[in-house]
1. So which pairs qualify, if the first residue must be in the stretch 511-533 and closer than 23 Å to residue 372 by Cα and outside any strand (DSSP E or B), the second must be basic (Lys, Arg) and open to solvent by 50 Å² or more (accessible area, probe 1.4 Å), the Cβ gap must be under 8 Å, and the two must be at least 6 apart or on different chains?
2. For the stretch 466-501, how many residues meet the condition of being among the aromatic types (Phe, Trp, Tyr) and open to solvent by 30 Å² or more (accessible area, probe 1.4 Å)?
3. Is one or more of the residues making up the stretch 485-492 among the hydroxyl-bearing types (Ser, Thr, Tyr) and part of a strand (DSSP E or B)?
4. Checking residue 417 against (1) within 21 Å of residue 473 (Cβ to Cβ); (2) at pLDDT 90 or above; (3) more than 31 Å from the chain's Cα centre (by Cα), which test does it fail?
5. All but one of (1) more than 24 Å from residue 395 (Cα to Cα); (2) open to solvent by 60 Å² or more (accessible area, probe 1.4 Å); (3) not in a loop (DSSP other than H, G, I, E, B) hold for residue 508; which doesn't?
6. Of the numbered conditions (1) under 12 Å from residue 240 (Cβ atoms); (2) modelled with pLDDT of 90 or more, residue 205 satisfies every one except a single condition; which is it?
7. Which of the residues spanning the stretch 256-280 are open to solvent by less than 60 Å² (accessible area, probe 1.4 Å), under 16 Å from residue 314 (Cβ atoms) and either among the basic types (Lys, Arg) or part of a loop (DSSP other than H, G, I, E, B) (or both)?
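The values are calculated or read from the model by the stated rules, or taken from the named source; none is laboratory data. Remember, it's a predicted structure, so these values are computed and weren't measured experimentally. Backbone-built Cβ (ideal geometry, glycine too); neighbour counts: all protein chains shown. The protein model used for the area step is the full one, side chains on, heavy atoms only, and it has no ligands, DNA or RNA in it. Shrake-Rupley method; radii C 1.70, N 1.55, O 1.52, S 1.80 Å.
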Amino acid sequence: MQTSSDLTRKTDSFRVGQRVHFAGQPRRVGTVRYVGPVEGYGGDWVGVYWDADGQGKHDGSHNGMRCMSFLQEIKKVTIELLGKHQIEDKFSRFEELATASLSYLGVSFPGPRDKISSTLPNLKELDLTGNLLSHWNDISIICEGLPALTALNLSNDSMSPVILCMPQLSNIRLYNTDTPPCCRITYRIHIRILVLNQTGVLWDQMEALKDALTQVEELHLMGNHLRKITPMSSDFVQGFDTLRLLNLDNNCISTWDEIVKFSQLHRLEQLFLNNNNLNCISYPDCGKLDQLSNECGNGSQERSSVPFKSLRSLYLGGNNIEDLPSLDSLNSFPNLMVSITFLDNISLKDIRFSGNPVADVGKGGVARFVIIARIAKMGLLNGSEVGPQERKDSEIRYVRLVMSKCNGDLDEIRRLHPRFYELKKIHGLDDERPTTEASGPQKMASGLISITLKCVGASMGEKTPLVKKLPSTATVGKLKNLCLSFFKLKSVKPILFLEEEGSPLPILLEDDMATLVELGVGNDSTILVDELS
């Protein structure tokens, strides 16, 4: 604990446990741990434990600390923005204010509830990011005092883990008891968007708050070190009947079993799980879920609907997913792949896999075309549109890749490539494996693919791109030698990259023994020829 004196305010304005920041340094935030005398020094002192390491070593001579109420800061910010000549007019029209941002302004308590209500009756959006609020009863007072409030941002406020009580924020009656019944107005508070990023809030607190959040549609819990989802009295998260978007980015969730606990939120459409520690995905087995419910004594009331029945978008970037069955499991989510109309009736569904080993060819993952082929009806991959032509090309390339590797074991093909036979039928492809060993010109032609070769090496000079027909079974090493001949390159060690439509970066073809068909190089592919530096 470090000490800092307040030379201009009485110490009775501070209390132990209160959140404070340093005057003039709004992002230097801490918690009051002591208020009182210090032996050897005159007056009363305030002991503060600063949040950031290395920021508690202060002698107390720099302006001290301050705390401000919600309404004080509203008026202060308005004054600073408008100037003194417009203050009076603005103060007379606070009731018109619909949005307010008070980020990092030292708000530490709400002020009188009735004063908030009379001053800001139409405030709909409130940003209190990085302030000194920590007690949920203060948040309750603010919400009760803002009957029109629909969006509240408390990010970077260190919220208390203890929630004693919160009102049901969907039907609050606010009026003076002296007001005649005929003149009383009932206000409805609908908190639809609640942002609690980097507040230290865990799922326990959300369970305690859910009865107060009967209208919430978006819930943001980024960066809260969440590891476990802990439903209050069930194996699945219950309630949150209006929740459509749940943002759990940048947490510490490592097992998909924790995510399955959200599977009964029947209106959940968007689930953000970027930058967690997930290593696999699987669609819940309804039979196993029923068995789990029965074992817990909850019977059929526990699980009442199809898992993730409304989920439309899933964001999984920056995790540790490395297995292909995880990709295949996405086909089982009932609405994840349902088409929506967007830009000339193209079906778009956004799935994010960037930053996962399964999508990194350099780490043993698969190319973009394989992901597209294995996941049906996906229209966006990592933010890049998958058009009808790319989908068709990807699925044909994938089928040919599987045919080049299969050894006639039908059971193994069905197990390892669940969509293979479906795609083969869709595109009218036969089971013949491409080969240059077959006799006859037509057999030979069927194994040839057209490839565009482009030189991009700095020392290669300007070379006209070449279109060549090559056997699909040619190896990368063989193609490198051919490129030296085609472009008359000397003293160059070539490296090859596959340029894929929709992929932000070309894919290095580093295995000299791999064939073109094994790497998914299909008809009309483009190969970039560079030089090893």
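1. Qualifying pairs under 8 Å: 517/400; 518/405; 522/400.
2. Of all residues in the stretch 466-501, those among the aromatic types (Phe, Trp, Tyr) come to 486-487, 497.
Pick out the ones that are also open to solvent by 30 Å² or more (accessible area, probe 1.4 Å) and you get 486, 497.
Matching residues across the stretch 466-501 total 2.
3. Here is the first cut: in the stretch 485-492, the ones among the hydroxyl-bearing types (Ser, Thr, Tyr) are 485, 491.
Still in the running and part of a strand (DSSP E or B): none.
No, the conditions are met nowhere in the stretch 485-492.
4. If we test residue 417 against (1) within 21 Å of residue 473 (Cβ to Cβ); (2) at pLDDT 90 or above; (3) more than 31 Å from the chain's Cα centre (by Cα), just (3) comes out false.
5. (1)
6. All conditions pass for residue 205, except number (1).
7. 261, 262, 263, 265, 268, 269, 273, 274, 276, 278, 280
Conditions tested, residue by residue: (1) out of contact with any strand residue (DSSP E or B) (no Cβ under 8 Å at 6 or more places or on another chain); (2) farther than 14 Å from residue 18 by Cα; (3) not basic (Lys, Arg).
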residue: 99; (1), (2), (3): no, yes, yes
residue: 104; (1), (2), (3): no, yes, yes
residue: 111; (1), (2), (3): no, yes, yes
residue: 119; (1), (2), (3): yes, yes, yes
residue: 123; (1), (2), (3): no, yes, yes
residue: 134; (1), (2), (3): no, no, yes
residue: 141; (1), (2), (3): yes, yes, yes
